[in-house]
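Here's the structure we're looking at; comments come further down.
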Amino acid sequence: MNYAESLFALDKVYEGKTIRQHLESVHEQTGEAPEELELPPFPEVLRNVWSKFLDVHRGRTYGTMGVNPLSYQDLLAWMTVSGEALSGWEIDVVLRLDRLWMKSVNDDSKEGTDG
């Protein structure tokens, strides 16, 4: 989860660019890489479930209020279309990753405000 949280934080948009783009600009200008660009190690044992999360995430829906969290129906639809099954623990991990991503997106909605 640390890896995902750090990655999602770098993808937040601030003043029209992602945090990653801002930090890479600092790196280009100073020659020093900000430590925020260094991600925690990726847990290789979870590569398969990470890949499944990204695949389900690409099919995410949006409503009138913005992005929708992944639901069990979304996971069932993905399993039906892909022909792949998610075990109980994989569903738990995918939904935990989704909560982290949603938190990151919701934090983005505060761009330009003090709150």
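Laboratory data are not the source of any read-out in this text; all were calculated from the coordinates shown. Remember, predicted model here, so these are calculated numbers, not experimental data. Positions of Cβ are backbone-derived with ideal geometry, glycine not excepted, and every protein chain shown enters the neighbour counts.
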(message) With the requirement that a residue be of a type in the set (V, I, T), farther than 17 Å from Y3 by Cα and touching a helix residue (DSSP H, G or I) at 6+ places or on another chain (Cβ under 9 Å), what does the stretch 70-100 give you?
(response) I91
(message) Can you tell me which condition E38 does not meet? The list is (1) loosely packed, with under 14 Cβ neighbours inside 10 Å; (2) under 30 Å from V81 (Cβ atoms); (3) not aliphatic (A, V, I, L, M), and all the others hold.
(response) (2)
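Output yes when any residue across the stretch 43-52 is surrounded by 12 or more Cβ atoms within 10 Å (Cβ to Cβ) and among the hydroxyl-bearing types (S, T, Y), and no when none is.
From the stretch 43-52, those surrounded by 12 or more Cβ atoms within 10 Å (Cβ to Cβ) are 43, 46, 49-50, 52; that's our starting set.
So of that shortlist, the ones also among the hydroxyl-bearing types (S, T, Y) come out as none.
Checked the stretch 43-52: no residue is surrounded by 12 or more Cβ atoms within 10 Å (Cβ to Cβ) and among the hydroxyl-bearing types (S, T, Y).
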(request) Report, ordered by the first and then the second residue, all pairs with beta carbons closer than 8 Å, sequence separation of six or more or different chains, a first member in the stretch 75-91 that is in a loop (DSSP other than H, G, I, E, B), and a second member that is charged (D, E, K, R) and surrounded by 10 or more Cβ atoms within 10 Å (Cβ to Cβ). (result) E84/K52; L86/K52
(request) Scan the stretch 14-30 and report the pairs whose first residue is closer than 18 Å to S104 by Cα and whose second residue is assigned to a helix (DSSP H, G or I) and among the charged types (D, E, K, R), with Cβ atoms within less than 8 Å and a gap of 6+ or a chain change. (result) I19/E36; L23/E36
